[in-house]
1. Given labels modelled 7 Å from the Cα in the Cβ direction, how far is it in nm from Ala87 to Lys116?
2. Which label belongs to the value computed from this structure, given these candidates for log10 I(q)/I(0) by the Debye sum over Cα atoms at q = 0.12, 0.17, 0.19 Å⁻¹: (i) -0.61, -1.04, -1.22; (ii) -0.59, -1.15, -1.38; (iii) -0.77, -1.23, -1.33?
3. Taking springs between alpha-carbon atoms closer than 10 angstrom, which of Glu68, Glu89, Glu135 fluctuates most in the Gaussian network model of the chain?
4. Using Cα pairs closer than 8 Å and at least 6 residues apart in sequence, work out the relative contact order for segment 103-176, in percent.
5. For the chain, what relative contact order do you get, as a whole percent, if you take Cα pairs closer than 8 Å and at least 6 residues apart?
6. Pull out the extension gain between Asp36 and Ser107, defined as 0.36 nm times the separation in residues minus the alpha carbon to alpha carbon distance; nm, one decimal.
7. Could you work out how far helix 74-83 tilts from the main Cα principal axis of the chain, as a 0 to 90 degree angle to the nearest 10?
8. Would you mind counting up the charge near Arg98? Only other residues with Cβ under 14 Å from its Cβ, with Lys and Arg at +1 and Asp and Glu at -1.
Amino acid sequence: YPESHDAPSGFDAAQNGVTYGTREKVTYYSSVTGKDRKVNIILPAGYTEEKQYPVIYLFHGIGGNEDEWLSGNPDKIIGNLVHNGEAKEMIIVIPNIRAGADDSYPSDAFNIEHYKKFDNFINDLRECLMPFMEENYSIAKGRDNTAICGLSMGARESLYIGFNMLEDIGYIAALSPGYGVFAYTAN
């Protein structure tokens, strides 16, 4: 193992000679929530319908929405990794994983009704967002081409969704997951 676990300098910044993907914010209709929902999509540099790309669904934390990850420069991180031969080109999908008729951040986020909206996202993902992506973008289908990753509450949902959709999702990353997927005793 390396002696340092520090991220390489500039890993999340634009580098000379690297071509980055494009960001777009689109809407899809969710029959699960009964409304149009926004999602950020980052297409790889040189995206073409002639090629099929793996996809990663990137989930925000309890207070976030579809915009939370954008300040972390996922397009630059993945672009740099692809340029260095350390990752495959991929489509990054950043949804709001609070799936309810009202998907805004509530004044009291730490309650069971709010958590239920996050757990409901599995239905929105499976029934609405994944089909929308496959219909409108050149997605390589199958679990070997599908990943989910999340932070905090998004990590909790990555585990919950990943374990319940093993036939569809081949890669799961949970960064500091919130509790609630497995039985636990507080303190």
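Throughout, read-outs are computed from the coordinates displayed, never taken from laboratory work. On a predicted model such as this, the values are computed, not experimentally measured, just so you know. Glycine gets a Cβ as well: all are built from the backbone with ideal geometry, and neighbour counts include every protein chain shown.
1. Computed distance between label sites Ala87 and Lys116 equals 3.6 nm.
2. Read-out from the structure maps to (ii).
3. Top of the fluctuation ranking is Glu135.
4. Details: 70 pairs, mean separation 21.0, N = 74.
That works out to 28 percent.
5. On the way: 336 pairs, mean separation 43.2, N = 187.
This gives 23 percent for the chain.
6. Numbers: separation 71, 0.36 × 71 = 25.56 nm, distance 2.29 nm.
Stretched out fully, the Asp36 to Ser107 stretch lengthens by 23.3 nm.
7. Taking Cα atoms only, the helix is inclined about 40 degrees.
8. On the way: positive: Lys35, Arg37, Lys38, Lys116, Lys117, Arg156; negative: Glu66, Asp67, Glu68, Asp102, Asp103, Asp108, Glu113, Asp119, Asp124, Glu157.
Summing Lys and Arg as +1 and Asp and Glu as -1 gives -4.
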